[in-house]
Amino acid sequence: MNTENGFRSTCSYCGVGCGVLIQKESESSFTVHGDPDHPANKGMLCSKGMNLHHTVLDKSDRLLHPMARNPKTGELQKTDWDSALGEIASRFKNLIKEYGPDSVGFYVSGQLLTEEYYVVNKLTKGFLNTNNIDTNSRLCMSSAVVGYKMSLGEDSVPISYDDIEIADCFLIAGANPAWCHPILFRRIEARKNSDSNVKIIVVDPRKTESCENADLHLQIIPGTDILLFNAIARSLIETNSLDPNFIKSHTEGFEELKEKVFSMSMEEYADSCGVSKESIREAASLISNANGFLTLWAMGLNQSVVGVNKNLALINLNLITGKIGKPGSGPFSLTGQPNAMGGREVGGLCNLLPAHRNLADENHRKEVADFWGVESIRDKPGYSATEMF
């Protein structure tokens with residue numbers, strides 16, 4: 001988008017999705033600034049965002065036009081767009097004719113725009129008649145996806161960036177946002193600096209930059225995240241730091257959770273996690289005393305053979321305290337690429353449909369098929385990214 005201050009765009013690095021203003025000063029000279037009107041970064045940029053234009057200006061290893069490989073020599077040769085697209089379409093058509101629609105597939109990036117995600121999803125599921133399309137979400141966010149669906153019923157992050165400015169307690173687990181989501185972390189730091197009652201808890205086997213401003217660093221033995229979250233849950237239950245009305249009206253399985261977390265003593269939890277009982281109880285106290293409580297996590301929880309369970313154990317802390325669905329409270333998964341969530345919003349996984357429709361639901365398939373103007377959408381999930389490869 002062109003404005004009087006330059007062209008408005010989005011940084012393509014991490015999951016924060018900062019807004020940028022790009023000004024062209026000459027044919028080979030650009031400047032990049034943070035967009036003060038963008039809700040994610042409010043004008044701030046990290047070092048990657050500030051140097052975004054240099055990746056574009058360096059053309060030494062970039063393709064500037066379509067290239068086709070000579071079938072005899074193997075050399076890449078310049079071609080035109082019509083020829084390139086025609087060749088790709090012809091190959092797809094021939095493969096589908098000979099081997100069926102499941103012989104083709106797409107793997108797409110979290111750096112696509114939501115509109116691009118939607119179009120390729122529509123092309124694949126609606127018109128090529130295969131569900132073989134998967135995205136980077138499969139390899140970084142799938143644990144969070146399943147965790148959200150199992151606990152909340154939908155893959156949708158139930159908070160916004162604006163909740164940062166009204167939260168009183170941040171629990172950061174399996175993430176180092178000071179490095180990996182720096183602008184978001186600057187907002188957390190600014191919130192803490194504005195009010196001495198705001199607390200930060202970091203759960204990480206390492207002492208990272210995110211720990212430097214933390215009130216409590218729970219330096220657990222690697223892999224004991226679930227035990228720690230269950231220990232905190234036990235402490236919250238023991239001190240009656242719950243929201244009984246919320247639990248009764250909006251949750252299921254609390255008694256089973258209670259039985260589970262009480263199956264180990266605080267001493268056993270502390271010994272297993274490698275942190276003291278006092279630290280665990282302090283974490284529970286900070287959560288209990290907060291009006292707004294945000295849990296934030298990334299690949300340290302997701303990239304695990306029990307990643308879904310780690311997500312669920314953490315989200316349970318929001319649910320049993322009722323600190324979810326209200327200003328400044330809720331579970332906040334930190335994604336890796338800038339538009340992984342946008343891709344899932346429009347069905348960019350092999351088992352999803354746009355607008356959070358479920359591929360396994362016959363009514364949802366018909367609804368989307370009618371909207372797209374196609375006869376039907378297949379009910380069989382496509383190959384995931386790893387299965388395709």
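The values are calculated or read from the model by the stated rules, or taken from the named source; none is laboratory data. Just so we're clear, the structure is a prediction, and the values are computed from it rather than from any experiment. Using ideal geometry, Cβ is built from the backbone for each residue, glycine included, and neighbour counts are taken over all protein chains shown. Heavy atoms of the whole protein, side chains included, go into the accessibility calculation; ligands, DNA and RNA do not. Shrake-Rupley method; radii C 1.70, N 1.55, O 1.52, S 1.80 Å.
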### Sorted peptide list for 82-91, 109-118, 199-208, criterion being average Cβ within 10 angstrom, highest first
199-208, 109-118, 82-91
### Message
Net charge around Val16, counting only other residues with Cβ within less than 13 Å of its Cβ (Lys, Arg = +1; Asp, Glu = -1)?
### Response
+3
### Task
Please figure out what share of the DSSP beta bridges in the chain is antiparallel and state it in percent, rounded to the nearest 5.
45
## Note on the structure
Taking 240-249, 58-67, 284-293 and ranking on average Cβ neighbours within 10 Å, highest first, one gets 284-293, 240-249, 58-67
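Could you sort out which of Lys149/Lys310; Lys48/Lys207; Lys122/Lys380; Lys248/Lys323; Lys248/Lys326; Lys122/Lys149 sit more than 20 Å apart by Cα distance in this structure? Don't skip to the end; give the middle numbers.
Details: Lys149/Lys310 14 Å; Lys48/Lys207 23 Å; Lys122/Lys380 16 Å; Lys248/Lys323 14 Å; Lys248/Lys326 17 Å; Lys122/Lys149 23 Å.
The answer is Lys48/Lys207; Lys122/Lys149.
Residues with beta-carbon under 12 Å from that of Lys366, excluding Lys366: net charge, scoring Lys, Arg +1 and Asp, Glu -1?
Details: positive: Arg357, Arg365; negative: Asp361, Glu362, Glu367, Asp370, Glu375, Asp379.
For residues surrounding Lys366, the net value is -4.
In whole percent, and with a 1.4 Å probe on the protein chains, what portion of the accessible area of the chain is carbon and sulfur? If you can, show how the numbers build up before the last one.
Numbers: 10280 of 20070 Å².
The value for the chain is 51 percent carbon and sulfur by accessible area.
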### Cβ-based charge dipole, the stretch 1-79, positive-most Cα from His53, Gly43, Ala68
Ala68
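Quick one: in the stretch 6-56, what % of C-alpha pairs are over 13 Å apart?
Details: 645 of 1275 pairs.
Value for the stretch 6-56 (Cα pairs over 13 Å): 51 percent.
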#### Entry: Solvent-accessible area of Glu165 with every protein chain in place, 1.4 Å probe, in Å² to the nearest 10
70
### Message
Just want to confirm a number: the relative contact order over the chain, from Cα pairs under 8 angstrom separated by 6+ residues, in percent.
### Response
21
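I want the local charge near Ala290. Using Cβ-Cβ distances under 9 Å, sum +1 for each Lys or Arg and -1 for each Asp or Glu among the other residues. Write out the running numbers ahead of the final one.
On the way: positive: Lys199, Lys323; negative: Asp168.
Around Ala290, the charge tally is +1.
Could you give the size of the charge dipole of the chain about its Cα centre, using +1 on the Cβ of each K and R and -1 on the Cβ of each D and E, expressed in debye and rounded to the nearest 20?
That gives a dipole near 540 debye.
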### Message
Debye calculation, C-alpha points only, no solvent: report log10 I(q)/I(0) for the stretch 99-193 at q = 0.10, 0.11, 0.16 Å⁻¹, in the same order as the q values.
### Response
-0.43, -0.51, -0.89
### Summary
The helix 277-289 Cα axis meets the longest alpha-carbon principal axis of the chain at an angle in degrees, between 0 and 90 and rounded to 10, of 80
#### Entry: Where no second cysteine Cβ lies under 4.7 Å, the cysteines concerned in the chain
Cys14, Cys46, Cys140, Cys169, Cys180, Cys211, Cys273, Cys350
### Task
Could you calculate, for the chain, the ratio of the Cα radius of gyration to the Kirkwood radius, expressed as Rg to Rh?
1.02
#### Entry: Sites Ser90 and Trp372, calculated FRET efficiency, Cβ-Cβ separation with R0 22 Å, nearest 0.05
0.40
### Message
How large is the convex hull of the C-alpha atoms of the stretch 299-364 per residue, in Å³?
### Response
141
### Message
As a test of the formula, what do you get for the chain when each DSSP H run with n ≥ 4 contributes -39,500 (n - 2.57) and the sum is divided by the residue count, at 222 nm and rounded to the nearest 500 deg cm²/dmol?
### Response
-11500 deg cm²/dmol
### Query
If you build the Cα gyration tensor of the stretch 153-333 and take the root of 5 times each eigenvalue, what three semi-axes come out, in whole angstrom, biggest first?
22, 19, 16
### Query
In square angstrom, what is the accessible area per residue of the chain with a 1.4 angstrom probe?
52
### Query
Quick one: in the stretch 1-122, what % of C-alpha pairs are over 23 Å apart?
53
